[in-house]
Amino acid sequence: MTTVVLSAETIRQALRQVKDPELDMNIIDLGLVYDVEVDDGGGLVRISMTLTSPGCPAGPMITNDIYKVVRAIDGVKDVDIDIVWEPYWTPDRIDPKIRAMMGF
């Protein structure tokens with residue numbers, strides 16, 4: 001059995017499972033996740049992120065999926081999601097490789 005090191009990178013990799021259902025892309029490649037902090041001693045994960053728009057109807061679904069995926073990681077005791085609007089999300093935040101595939 002391998003031990004997973006609880007780190008921001010571990011959390012970011014797990015967040016690739018969470019998709020924005022409207023764009024059918026994961027929230028990491030979309031650039032929706034701005035920051036991930038891990039208090040590995042206490043098992044608290046803080047995620048600072050945004051949505052594609054303030055009225056995004058998929059917001060509750062996305063945050064629920066984040067809670068499910070991150071809480072399933074060994075060592076995570078709690079997850080705090082902070083939805084921020086600064087900087088505002090634009091398609092420029094999409095991973096450059098993905099943007100190129102999309103023709104942007």
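The values are calculated or read from the model by the stated rules, or taken from the named source; none is laboratory data. Just so you know, these numbers come straight off a predicted model, no measurement behind them. Glycine gets a Cβ as well: all are built from the backbone with ideal geometry, and neighbour counts include every protein chain shown.
Mind checking whether some residue in the range 17-27 is part of a loop (DSSP other than H, G, I, E, B), of a type in the set (D, E), under 11 Å from the mean Cα position of the chain (by Cα) and surrounded by 18 or more Cβ atoms within 10 Å (Cβ to Cβ)? Checking the range 17-27: not a single residue is part of a loop (DSSP other than H, G, I, E, B), of a type in the set (D, E), under 11 Å from the mean Cα position of the chain (by Cα) and surrounded by 18 or more Cβ atoms within 10 Å (Cβ to Cβ).
The C-beta contact set for the range 55-77 (first residue closer than 12 Å to V45 by Cα, second residue acidic (D, E) and surrounded by fewer than 16 Cβ atoms within 10 Å (Cβ to Cβ), distance under 7 angstrom, 6+ apart or interchain) comprises G75/D40.
Within the range 93-104, restricting attention to residues that are among the hydrophobic types (A, V, I, L, M, F, W, C) and farther than 16 Å from I28 by Cβ, the residue that is modelled with the highest pLDDT is A100. Annotation: of all residues in the range 28-55 being out of contact with any helix residue (DSSP H, G or I) (no Cβ under 8 Å at 6 or more places or on another chain) and small (G, A, S), the one that is surrounded by the most Cβ atoms within 10 Å (Cβ to Cβ) is G43. Exactly one residue out of T50, T90 is free of Cβ contacts under 8 Å to residues at least 40 places away in the same chain, among the polar types (S, T, N, Q), in contact with a strand residue (DSSP E or B) (Cβ under 9 Å, 6 or more places away or on another chain) and within 18 Å of M25 (Cα to Cα), and it is T50. When you look at A14, is it touching a strand residue (DSSP E or B) at 6+ places or on another chain (Cβ under 9 Å), surrounded by 14 or more Cβ atoms within 10 Å (Cβ to Cβ) and of a type in the set (G, A, S), yes or no? Against the criterion (touching a strand residue (DSSP E or B) at 6+ places or on another chain (Cβ under 9 Å), surrounded by 14 or more Cβ atoms within 10 Å (Cβ to Cβ) and of a type in the set (G, A, S)), A14 does not qualify. What is the residue count in the range 50-66 for residues that are within 14 Å of K19 (Cβ to Cβ) and touching a Phe, Trp or Tyr at 6+ places or on another chain (Cβ under 6 Å)? Adding up the residues that qualify gives 1.
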